[in-house]
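Trainee: Dropping the structure in here first, questions after.
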Amino acid sequence: MATVVVGTQWGDEGKGKFVDILAQHMDYVVRYQGGHNAGHTVVVDRQRFALQLLPSGILYPHITPVIGNGMVIDPLVLMEEIEMLGSKGISCQKLKISGNAHLILPYHPELDAAIERNLGKNRLGTTKRGIGPAYADKALRVGLRMQDLLDEDIFREKLDLALQHKNLLFTQIYKRAPYSLSEICDRYLKRCKTYLAPYIGDTVTLLHEALESGKRLLFEGAQATFLDLDHGTYPFVTSSNCTAGGASTGSGVGPRAMQSIVGIAKAYITRVGSGPFPTELSDAIADHLVEKGHEYGTNTKRRRRCGWFDTVMLRYAARVNSLTELVITKLDVLGDLAELKVCVAYQIDGRKMRQLPYHQSAMHRAVPLYHTLPGWQRSLGDIKERRDLPSQAVDYVEFLEEEVGIPISWVGIGPEREQTIKWNTPTHAIP
Ligand code: GDP
Ligand code: IMO
Ligand code: MG
């Protein structure tokens with residue numbers, strides 16, 4: 001049995017918190033795309049863990065954490081993260097990393113930054129972690145993979161080939177010093193090889209044997225539907241498939257195994273980086289959401305853009321991910337507002353559209369049409385049951401459920417595990 005968790009907006013919906021909650025009932029948690037552009041927060045007893053590469057289920061000793069083939073990994077960052085968890089008493093001993101996952105090497109973040117500089121005011125606002133260049137090298141078939149760390153000769157040979165082209169770019173176009181083959185080899189082969197070798201292996205066989213023996217798998221999406229390379233607001237996207245299909249290609253477990261697809265949506269919307277955002281606010285309400293919701297990047301600390309909930313986007317996310325259920329997070333953050341708006345359709349060139357326009361420029365011109373609901377103006381943080389919520393909060397969530405057409409299984413009212421309310425539909429993901 002496999003469950004997939006995906007972001008349904010532009011990221012930072014609270015995927016980490018829900019993966020951690022669902023992981024109580026799982027055996028394996030698998031990351032399948034992205035890299036350390038992700039920042040997934042788990043808060044347990046007021047202790048905050050910000051995970052970038054390791055699956056959020058890693059805090060439970062019963063979980064086998066897996067890094068799938070679809071990820072791009074900076075091995076130095078991975079080792080730091082393993083050390084960071086070790087210093088907090090969390091063991092990564094059971095971690096398994098696909099030998100087919102691609103490596104982020106020092107020239108990738110540098111290229112990322114150079115491309116952004118060249119784009120000037122049209123820059124994407126990437127995390128500058130080298131994600132795009134590493135996936136580009138994978139597609140160009142000049143990337144190095146985790147398994148190459150295990151064989152010094154192959155690593156050196158492949159890196160030499162890659163550097164011949166990269167160094168031409170750096171010296172001729174970007175006018176900087178070339179990268180040294182021996183320096184990178186020294187740095188990566190010595191420490192990374194010894195440190196990471198025990199974790200690297202065949203995760204496809206591992207996951208299939210787990211499924212065959214009745215184990216439960218949880219796939220943890222990073223980024224989100226509207227940052228998906230194919231289905232997002234291109235070019236203002238990341239370079240991987242963050243939608244549910246990515247769980248299959250990024251792990252080697254086919255789509256038939258995925259029984260539940262859980263979409264995570266914030267009760268409002270945030271976005272970091274550039275790109276269209278029809279319901280974006282630039283007034284005092286935006287400032288309020290940023291402060292109350294602590295809307296600053298988990299890793300990059302950038303201020304997140306904020307706006308009203310958009311059901312046009314969610315209907316699209318429901319389709320492209322085949323969502324079976326929806327989780328609404330951060331309802332508590334709306335607690336001080338007198339009234340709340342929800343976008344139910346776009347007006348584009350005089351036409352009302354309830355479904356997402358296929359053309360990117362229409363998305364830039366979309367004027368949101370809102371339905372207004374009363375706020376509840378109360379704090380929700382200590383509420384345990386749905387029946388104790390203010391009626392306006394219940395009405396707000398029910399309105400979202402009806403407009404999106406996907407059953408809501410949980411509602412988040414705070415960052416802690418316990419600050420989670422079971423909604424009326426029993427979740428498919430938990431027995
Ligand atoms: P992810 O990238 O989707 O895992 O989300 P992030 O961890 O980047 O950002 C979500 C932030 O919201 C984190 O700081 C979480 O601790 C926090 N969070 C998650 N759910 C809730 C919630 O229901 N209410 C509040 N107030 N905070 C939440
Ligand atoms: P989680 O998993 C929010 C955004 C960047 C930028 C675009 C491309 O925590 O939800 P990239 O470095 O990936 O090439 O940047 O994608 N972005 C995210 N925004 N949450 C994330 O991850 C993100 N990962 C990338 O801000 O706009
Ligand atoms: Mg995040």
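Trainee: If you take the residues in the stretch 7-20 that are closer than 13 Å to residue 416 by Cβ and open to solvent by 10 Å² or more (accessible area, probe 1.4 Å), which one is nearest to ligand 3 (Cβ to nearest atom)?
Mentor: In this case the residue turns out to be 14.
Trainee: Which of (1) in contact with a helix residue (DSSP H, G or I) (Cβ under 7 Å, 6 or more places away or on another chain); (2) surrounded by fewer than 24 Cβ atoms within 10 Å (Cβ to Cβ) is the odd one out, the single condition residue 242 does not satisfy?
Mentor: (2)
Trainee: Please specify each residue of the stretch 23-55 satisfying the condition of being surrounded by fewer than 20 Cβ atoms within 10 Å (Cβ to Cβ), away from ligand 2 (no atom under 12 Å from the Cβ) and of a type outside the set (A, V, I, L, M, F, W, C).
Mentor: Matches in the stretch 23-55: 24, 25, 27, 45, 46, 47, 48.
Trainee: So for the stretch 365-384 (the condition being modelled with pLDDT under 95, open to solvent by 30 Å² or more (accessible area, probe 1.4 Å) and acidic (Asp, Glu)), does at least one residue qualify?
Mentor: Looking for residues that are modelled with pLDDT under 95, open to solvent by 30 Å² or more (accessible area, probe 1.4 Å) and acidic (Asp, Glu), one finds at least one in the stretch 365-384, hence yes.
Trainee: Take the stretch 313-340 and flag every residue that is among the hydrophobic types (A, V, I, L, M, F, W, C), touching a Ser or Thr at 6+ places or on another chain (Cβ under 6 Å) and surrounded by fewer than 21 Cβ atoms within 10 Å (Cβ to Cβ).
Mentor: 320
Trainee: Can I ask one more? Determine which single condition residue 207 fails, assuming it passes every other condition in (1) more than 26 Å from residue 313 (Cβ to Cβ); (2) within 16 Å of ligand 1 (Cβ to nearest atom).
Mentor: Here residue 207 clears every test but (2).
Results for (1) closer than 16 Å to residue 299 by Cα; (2) in contact (Cβ under 8 Å) with a residue 40 or more places away in the chain; (3) hydroxyl-bearing (Ser, Thr, Tyr), shown as yes or no for each residue.
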{"position": "3", "(1), (2), (3)": "no, yes, yes"}
{"position": "22", "(1), (2), (3)": "no, yes, no"}
{"position": "28", "(1), (2), (3)": "no, yes, yes"}
{"position": "33", "(1), (2), (3)": "no, yes, no"}
{"position": "37", "(1), (2), (3)": "yes, yes, no"}
{"position": "66", "(1), (2), (3)": "no, yes, no"}
{"position": "80", "(1), (2), (3)": "yes, no, no"}
{"position": "98", "(1), (2), (3)": "no, yes, yes"}
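Trainee: Can you tell me which residue within the stretch 273-292, out of those that are surrounded by 20 or more Cβ atoms within 10 Å (Cβ to Cβ) and within 16 Å of ligand 2 (Cβ to nearest atom), is farthest from residue 36 (Cα to Cα)?
Mentor: Selected residue: 289.
Trainee: Test residue 31 against the stated conditions and say whether it is under 18 Å from residue 264 (Cβ atoms) and of a type in the set (D, E, K, R).
Mentor: Here the answer is yes, as residue 31 does meet what is asked.
Trainee: Among the residues of the stretch 419-429, what is the count of those that are more than 22 Å from the chain's Cα centre (by Cα) and part of a loop (DSSP other than H, G, I, E, B)? Before you say what the answer is, go through the steps one by one.
Mentor: To start, the set of residues in the stretch 419-429 that are more than 22 Å from the chain's Cα centre (by Cα) comprises 421-426.
Filter once more, keeping what is part of a loop (DSSP other than H, G, I, E, B): 423-426.
Qualifying residue count for the region: 4.
Trainee: Restricting attention to the stretch 399-413, does a residue exist that is farther than 30 Å from residue 350 by Cα, outside any loop (DSSP other than H, G, I, E, B), open to solvent by 40 Å² or more (accessible area, probe 1.4 Å) and not aliphatic (A, V, I, L, M)?
Mentor: No, the conditions are met nowhere in the stretch 399-413.
Trainee: Filtering the stretch 336-360 down to residues that are in contact with a Pro (Cβ under 9 Å, 6 or more places away or on another chain) and outside any strand (DSSP E or B), which residue is nearest to residue 416 (Cα to Cα)?
Mentor: Out of the qualifying residues, it is 338.
Trainee: So which helices (runs of 4 or more DSSP H) are wholly in the stretch 114-224 and hold at least 1 residues that are of a type in the set (Lys, Arg) and open to solvent by 50 Å² or more (accessible area, probe 1.4 Å)? Give the derivation first.
Mentor: Values: elements: 131-140, 152-168, 181-187, 193-196, 203-212.
Ranges flagged: 131-140, 152-168, 181-187, 193-196.
Trainee: Residues of the stretch 225-262 being more than 16 Å from ligand 1 (Cβ to nearest atom), farther than 13 Å from residue 33 by Cα and in contact (Cβ under 8 Å) with a residue 24 or more places away in the chain, which ones?
Mentor: Answer for the stretch 225-262, where residues must be more than 16 Å from ligand 1 (Cβ to nearest atom), farther than 13 Å from residue 33 by Cα and in contact (Cβ under 8 Å) with a residue 24 or more places away in the chain: 231, 233, 234, 235, 236, 253, 257, 258, 259, 260.
Trainee: Go through the stretch 290-310 and give me each residue that's part of a helix (DSSP H, G or I) and within 16 Å of ligand 3 (Cβ to nearest atom).
Mentor: Scanning the stretch 290-310 gives a single hit, 290.
Trainee: Moving to a separate point now. Looking only at the stretch 361-379, which residues are in contact with a Phe, Trp or Tyr (Cβ under 7 Å, 6 or more places away or on another chain) and either closer than 20 Å to residue 232 by Cα or in a helix (DSSP H, G or I) (or both)?
Mentor: 366, 367, 368
Trainee: Every residue in the stretch 9-55 that is over 22 Å from residue 112 (Cα atoms), assigned to a loop (DSSP other than H, G, I, E, B), more than 10 Å from ligand 1 (Cβ to nearest atom) and not basic (Lys, Arg), please.
Mentor: Of everything in the stretch 9-55, those that are over 22 Å from residue 112 (Cα atoms), assigned to a loop (DSSP other than H, G, I, E, B), more than 10 Å from ligand 1 (Cβ to nearest atom) and not basic (Lys, Arg) turn out to be 24, 25, 26, 27, 45, 54, 55.
Trainee: Is it the case that the stretch 247-257 has a residue that's in contact with a Cys (Cβ under 9 Å, 6 or more places away or on another chain), open to solvent by less than 10 Å² (accessible area, probe 1.4 Å) and within 16 Å of ligand 2 (Cβ to nearest atom)? Before you say what the answer is, go through the steps one by one.
Mentor: Our first condition is that a residue be in contact with a Cys (Cβ under 9 Å, 6 or more places away or on another chain); within the stretch 247-257, this holds for none.
No.
Trainee: Another question, then. Out of the residues in the stretch 225-239 that are open to solvent by less than 10 Å² (accessible area, probe 1.4 Å) and part of a helix (DSSP H, G or I), which is nearest to residue 57 (Cα to Cα)?
Mentor: 225
Trainee: Here's another thing I want to ask about it. Within the stretch 293-312, can you find the residues that are open to solvent by less than 50 Å² (accessible area, probe 1.4 Å) and modelled with pLDDT of 95 or more?
Mentor: 293, 295, 304, 306, 307, 308, 309, 310, 311, 312
The values are calculated or read from the model by the stated rules, or taken from the named source; none is laboratory data. As the structure is a computational prediction, the values presented were derived from the model and not from experiment. For neighbour counting, all protein chains shown are included, and Cβ atoms are generated from backbone atoms with ideal geometry for every residue, glycine included. Remember, those area values only see protein heavy atoms, side chains included, never the ligands or the DNA or RNA. Shrake-Rupley method; radii C 1.70, N 1.55, O 1.52, S 1.80 Å.
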